[in-house]
1. If amide H atoms are built 1.01 Å from N in the plane of the peptide, which residues on other chains or at least 5 residues away come under 5 Å of the amide H of residue B:95?
2. For residue A:74, enumerate residues with amide H under 5 Å from its amide H, sequence gap 5+ or separate chain, H modeled in the peptide plane.
3. Assigning unit charges at the beta carbon (Lys, Arg +1; Asp, Glu -1) and nothing else, what dipole magnitude in debye, to the nearest 20, does region A:69-115 show about its Cα centre?
4. Express the carbon and sulfur contribution to the solvent-accessible surface of chain A as a percent, rounded to the nearest whole number, probe 1.4 angstrom.
5. Label-to-label distances across copies for residue B:53, with labels 7 Å out along Cα→Cβ, in nm, shortest first?
6. Whole Å is fine, so just give me how far the alpha carbon centre of region A:35-82 lies from that of region B:41-66.
7. Considering protein heavy atoms only and a 1.4 Å probe radius, which residues within region A:65-103 exhibit an accessible-area decrease of no less than 30 Å² in the full assembly relative to the chain by itself?
8. Can you pull the Rg over Rh of the protein assembly as shown, Cα-only, Kirkwood?
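The values are calculated or read from the model by the stated rules, or taken from the named source; none is laboratory data. All values derive from a computational prediction rather than experimental measurement. Don't worry about glycine lacking a Cβ; one is built from the backbone with ideal geometry, like all the others, and counts go over all protein chains shown. Ligands, DNA and RNA are excluded from the accessible area calculation, which covers all protein heavy atoms including side chains. Shrake-Rupley method; radii C 1.70, N 1.55, O 1.52, S 1.80 Å.
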Number of protein chains: 2
Amino acid sequence: MARPKTTPRTVDNPSVAEVTLQQLLEAVADPVRRSVIAQLALAGHGLSCGTFDLPVSRSTATHHFNVLREACVISQHYQGTTKMNTLRPDDLDARFPGLLRAVIDSCVRETTQVPEAH
Amino acid sequence: MARPKTTPRTVDNPSVAEVTLQQLLEAVADPVRRSVIAQLALAGHGLSCGTFDLPVSRSTATHHFNVLREACVISQHYQGTTKMNTLRPDDLDARFPGLLRAVIDSCVRETTQVPEAH
DNA sequence: CCGTTCCTTCGACGTCCGTCGTAATATGGC
DNA sequence: GCCATATTACGACGGACGTCGAAGGAACGG
């Protein structure tokens, strides 16, 4: 409250120390969010929110980005009218060694190996 | 149906090939189930269902054991009247390299580092 | 047999989370 | 200023999951 009329469109990316294991695991347990992770990993660079291919509405996508950011899986920052998303690759390793890396790998395999006809 | 009156009390531990990433991540996203994992890892050997220290009723605990077994995180087998639970340490590594190992480590840290009064 | 112990099955209930549409805000270009 | 674009905030809804208690089956020991 007492916020000025103009919100300068800043994003606060939380510090790794504030993230719980519960938060991280819940974040990656959703298929839409894992799709975000996979697309970011495959792209190799940041992507704006609108460029993702997701099977949900814009507002739902915003929700998922928030969850991922608060779990320190991605970091976000504004760039003009768009919002860029990038993976936070090694930050979380101090707190949960190897975990995010393994999750990202599995997310990529999950999407690239989709052509698995039995 | 057409089941004999006496159920021989067998358990079918699914094969790793049938487990999805979704299943595994959902399984470990629950705090009670992570407690099971941590207690098993700390014990270093199998534990019967009744010896776990869990904040839920017996029937709920049974449910959680089922979820963990179907995700190939634990394997179960009867031993007299009790049901033994053991971690399936390296099975899942073929399918999700490094993932379960990292999760187990984080579960152990989560419970052993509980004495974190700030 | 009979009782005890251990675990499971079955409904039922409550809550949380993913989903949406609509309305609103910020930026950039004209 | 004004419009178009990009994203967010706000309620609302529905389904899924964690939870429980009560009843039941299985093994072991008398």
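1. Long-range HN contacts for residue B:95: none found.
2. A:69, A:88
3. 120
4. Working: 3530 of 6710 Å².
Carbon and sulfur together cover 53 percent of it.
5. 5.0
6. Taking the Cα centre of each part, region A:35-82 and region B:41-66 sit 38 Å apart.
7. Residues of region A:65-103 that lose at least 30 Å² of accessible area once the other chains are added: A:97, A:99, A:102.
8. Over the Cα atoms of the protein assembly as shown, Rg/Rh equals 1.04.
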